[in-house]
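**Q** One structure, pasted below without further comment.
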Amino acid sequence: MFIKLHFAKNHRRDIYLGFISSYHAFIASTKSGEGHCVLGAKKRAKEVGETMSYLVLKKIIDIILASIGFVMLSPFFLLIAAIIKLDSSGPIFFRQKRVGKDKKHFYILKFRTMYMDTPKDMPTHMLQDATAFITVSGRFLRKTSLDELPQIINILRGEMSIIGPRPALWNQHDLIAERDKYGANEILPGISGWAQINGRDELPIEVKAKLDGEYRAKMKITLDLEIFLRTIITVLQRDGIKEGR
């Protein structure tokens, strides 16, 4: 009985001493190099929290601006639609399966700029003699990027954002896989993005995916504003656009 009691006391003492030892080791570690892990984790948690907060704000901004844009540009939409119908036979809008947030598929909307016999599910810059497939009105719409305006509807549907990685075609498996390495498939795709103002169609897939990853990591309102303003300049200068091989 004495032995059992003695053992229990020693056991409690060992636990107590072990706790004190661990506590002092923890305090010491926060003052030494080991503490950087704890501080690093706190910093990372703060960054994640800030990113999540901005994603909520970004969503609100998207809906407000897209709603205003849709109302203000509606007469312009009707004018473009009439020109497209007079120019060539076929629908006003062009629908194409793309990869959205978390690699879920959706149909992107554009004003149709190409004839109905154009090969489907292929990037324009990969076509042989792509200009032969582009309609007369389509040349103007593509030159000014006005063909992208219907994506305002995609934003209102919650499928896209104003700023974000350009949505890949559903069969661009190499680009999708590269974006997975950087977490770029985890956010909403956009009408314009960091890669679009840094090379657009001319960029190799690896570079494009890396730039999308950089945007994912550094996403904030000042960066979005910079991309938005530089997009306007890029469109006016037609930088990085490649029609056909």
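**Q** Find the Cα radius of gyration of region 87-245, compare it with 2.2 N^0.38 Å by division, and give the number to two decimals. Display every interim value, and only then the final one.
**A** Working: Rg = 15.0 Å, N = 159, 2.2 N^0.38 = 15.1 Å.
Relative to the rule-of-thumb radius for its length, region 87-245 sits at 0.99.
**Q** Oh, and also: Can you give me the C-alpha center-to-center distance between region 107-144 and region 57-93, rounded to a whole angstrom?
**A** 18 Å
**Q** Past 20 Å, Cα to Cα, is the threshold; run Lys101/Lys208; Lys59/Lys97; Lys110/Lys210 against it and keep the listed order.
**A** Details: Lys101/Lys208 17 Å; Lys59/Lys97 22 Å; Lys110/Lys210 26 Å.
Those over the limit are Lys59/Lys97; Lys110/Lys210.
**Q** Placing unit charges on C-beta atoms (Lys and Arg positive, Asp and Glu negative, everything else neutral), compute the dipole magnitude of region 40-179 about its Cα centre in debye, rounded to 20.
**A** Working: 22 positive and 13 negative charges, 103 e Å.
Its charge dipole is roughly 500 debye.
**Q** Can you check what the net charge comes to around Ile155, using other residues whose Cβ is under 15 Å from the Cβ of Ile155 (Lys, Arg +1; Asp, Glu -1)? Mind dumping the intermediate values first?
**A** Numbers: positive: Lys58, Lys59, Arg98, Lys101, Lys110, Arg157, Arg166; negative: Asp62, Glu148, Glu159, Asp224.
Within the 15 Å Cβ shell, the charges total +3.
**Q** So what's the net charge close to Asp87: Lys and Arg +1, Asp and Glu -1, counting the other residues with Cβ under 14 Å from its Cβ?
**A** Working: positive: Lys85, Arg112, Arg139, Arg142; negative: Asp147.
Overall, the nearby charge balance is +3.
**Q** I'd like the accessible area for His105: 1.4 Å probe, protein heavy atoms, all chains in place, Å² to the nearest 10.
**A** Ignoring ligands and nucleic acids, His105 comes out at about 110 Å².
**Q** Next question, about the same structure. Ranking request for peptides 74-80, 129-135, 212-218: highest mean number of other beta-carbon atoms within 10 Å first, then the rest in descending order. Walk me through the numbers before you get to the answer.
**A** Values: 74-80: 12.7, 129-135: 15.9, 212-218: 18.4.
Per-residue mean Cβ counts within 10 Å order the peptides as 212-218, 129-135, 74-80.
The values are calculated or read from the model by the stated rules, or taken from the named source; none is laboratory data. Treat the numbers as computed from the prediction; the structure is a model and nothing was measured. So basically every Cβ, Gly included, is an ideal-geometry build from the backbone, and we count neighbours across all protein chains shown. What goes into the accessible areas is simple: the full protein's heavy atoms, side chains included, and nothing from ligands, DNA or RNA. Shrake-Rupley method; radii C 1.70, N 1.55, O 1.52, S 1.80 Å.
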